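In what follows, a single structure is set out as structure tokens and then discussed.
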Amino acid sequence: MKRRNHFRVSEHFDLDDFEDPTTATVMLCDDLPTYLEAVQERFGHNIRISSGYRTPAHNSTIGGAPTSYHLVGGAADLVPVTGRMDDLAAAANMIHDLYVINEGDHVHVHLRRLMPPS
Ligand SMILES: [Zn+2]
């Protein structure tokens, strides 16, 4: 099958890294890859995106929150290719524009600017 979304969106990431695995569709906030590059640079190891955009159906299947930022292409779940999860979370936390949750088996990040004012 032709990989429709196989092109670079930043130095280390391709659009298809963010696509929904069940449909190969994707939405991506255009500044998210830049922030992920900053995380990877601070972390000092390569990171892999285990989940980016999710369709509502896929999000529901895997038990994602109904208001998840994965639904709008503003979130990514990150796993270290090498290095430690805690260090990856610490590196992500240094990027102020990202809201970060260390979920143990991945680090969830989303764009703070998408969040409603508190
Ligand atoms: Zn997530």
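The values are calculated or read from the model by the stated rules, or taken from the named source; none is laboratory data. Computed from a predicted structure; not experimentally measured. In this analysis, Cβ positions are derived from the backbone assuming ideal geometry, glycine residues included, and neighbour counts consider all displayed protein chains.
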Is it the case that THR34 is away from the ligand (no atom under 12 Å from the Cβ), over 12 Å from the mean Cα position of the chain (by Cα) and of a type in the set (Ser, Thr, Tyr)? no
Evaluation of VAL79 against (1) closer than 21 Å to SER10 by Cα; (2) of a type in the set (A, V, I, L, M); (3) more than 14 Å from the ligand (Cβ to nearest atom) (one fails), failing number: (3)
Of all residues making up region 100-118, the number that are surrounded by fewer than 19 Cβ atoms within 10 Å (Cβ to Cβ) and of a type outside the set (S, T, N, Q): 10
What do you reckon, is PRO66 surrounded by fewer than 18 Cβ atoms within 10 Å (Cβ to Cβ) and within 25 Å of THR23 (Cα to Cα)? yes
If the Cβ limit is 6 Å and pairs must be 6+ apart or interchain, which residue in region 92-110 that is free of Cβ contacts under 8 Å to residues at least 24 places away in the same chain and farther than 14 Å from SER68 by Cβ pairs with which residue that is β-branched (Val, Ile, Thr) and in a strand (DSSP E or B)? ASN93/VAL100; VAL100/VAL109
When region 1-20 is checked residue by residue, the ones that are surrounded by 13 or more Cβ atoms within 10 Å (Cβ to Cβ) and modelled with pLDDT under 95 are ASN5
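Let's see how each residue does on (1) in contact with a Gly (Cβ under 8 Å, 6 or more places away or on another chain); (2) within 22 Å of MET115 (Cβ to Cβ):
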site	(1), (2)
THR25	no, no
CYS29	yes, yes
THR34	no, yes
HIS45	yes, no
THR61	no, no
MET85	yes, no
Which numbered condition trips up ALA91, out of (1) more than 13 Å from the chain's Cα centre (by Cα); (2) on the phi < 0 side of the Ramachandran plot; (3) surrounded by fewer than 19 Cβ atoms within 10 Å (Cβ to Cβ)? (3)
ARG48 passes all but one of the listed conditions (1) under 12 Å from the mean Cα position of the chain (by Cα); (2) farther than 12 Å from THR22 by Cα; (3) buried (at least 20 other Cβ atoms within 10 Å of the Cβ); the exception is number (3)
Restricted to region 95-113 and to residues being farther than 9 Å from MET85 by Cβ and hydrophobic (A, V, I, L, M, F, W, C), the residue farthest from the ligand (Cβ to nearest atom) is ILE95
